[in-house]
1. Being closer than 14 Å to Leu61 by Cβ and out of contact with any strand residue (DSSP E or B) (no Cβ under 9 Å at 6 or more places or on another chain) is the filter here, so list the residues in the range 93-110 that pass it.
2. Quick check on my filter: what residues within the range 57-111 are polar (S, T, N, Q) and either outside any loop (DSSP other than H, G, I, E, B) or within 19 Å of Pro14 (Cβ to Cβ) (or both)?
3. Among Arg3, Arg31, which is in a helix (DSSP H, G or I) and of a type in the set (D, E, K, R)?
4. I'd like the full set of residues that are in contact (Cβ under 8 Å) with a residue 40 or more places away in the chain and of a type in the set (D, E, K, R), limited to the range 53-76.
5. If I filter the range 1-26 down to residues being surrounded by 11 or more Cβ atoms within 10 Å (Cβ to Cβ) and more than 20 Å from the chain's Cα centre (by Cα), which single residue comes out as farthest from Ile109 (Cα to Cα)?
6. Quick check on my filter: what residues within the range 34-53 are surrounded by fewer than 17 Cβ atoms within 10 Å (Cβ to Cβ) and not acidic (Asp, Glu)?
7. Just the residues that are touching a helix residue (DSSP H, G or I) at 6+ places or on another chain (Cβ under 8 Å), farther than 25 Å from Ala16 by Cα and loosely packed, with under 12 Cβ neighbours inside 10 Å, please, taken from the range 77-108.
8. Could you go through the range 34-50 and let me know if any residue there is in a helix (DSSP H, G or I), touching a residue at least 40 places away in the same chain (Cβ under 8 Å), basic (Lys, Arg) and in contact with a Phe, Trp or Tyr (Cβ under 7 Å, 6 or more places away or on another chain).
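Please treat every number below as a calculation from the coordinates, not as lab data. Fair warning: this is a prediction, and the values are worked out from it, not measured in the lab. Here the Cβ positions follow ideal geometry from the backbone for every residue, glycine too, while neighbour counts run over all protein chains shown.
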Amino acid sequence: MPRKIVEEADISIPEAKMILEKAQEPNEFQRRTLDYLIKFTRVDPSKVEKLVTALTKKHKLEKKEIIQIINCMPKSSEELRAILAVKGKVILSNELDAILKDIEKYRIIKE
């Protein structure tokens, strides 16, 4: 059965998880996707918008960059630099540390 695209938007892993959790009678593909999202969610879905706003205002990052940061939740400035370097941005170490400090407040600790 072909799938119909209802809406297209850039969303993070936690946002996708929140959407699929609301699905009534999910099919096999949706259940498998939800299992993946549960394993790799590093931010409480209810706090994603707050984190996006904070990173946009304080650090002047684009939404796509922020989504990548939320999906990966880097722990070091090297990891963060690798995410941001894709667009050729050069960010000073103190700015990277400030971003890491901000995202750490939202990290879910997983055992």
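1. Correct list: Glu95, Leu96, Ala98, Ile99, Leu100, Asp102.
2. Quick first cut of the range 57-111, residues polar (S, T, N, Q) only: 68, 71, 76-77, 93-94.
Hits for the range 57-111 are Gln68, Asn71, Ser77, Ser93, Asn94.
3. Matching residue, one of Arg3, Arg31: Arg31.
4. Those that are in contact (Cβ under 8 Å) with a residue 40 or more places away in the chain and of a type in the set (D, E, K, R): Lys58, Lys63, Lys64.
5. The extreme case among them is Pro26.
6. So in the range 34-53, the residues surrounded by fewer than 17 Cβ atoms within 10 Å (Cβ to Cβ) come out as 35-36, 38-40, 44, 46-47, 49-50, 53.
Passing the criteria: Tyr36, Ile38, Lys39, Phe40, Ser46, Lys47, Lys50, Thr53.
7. Ser93
8. yes
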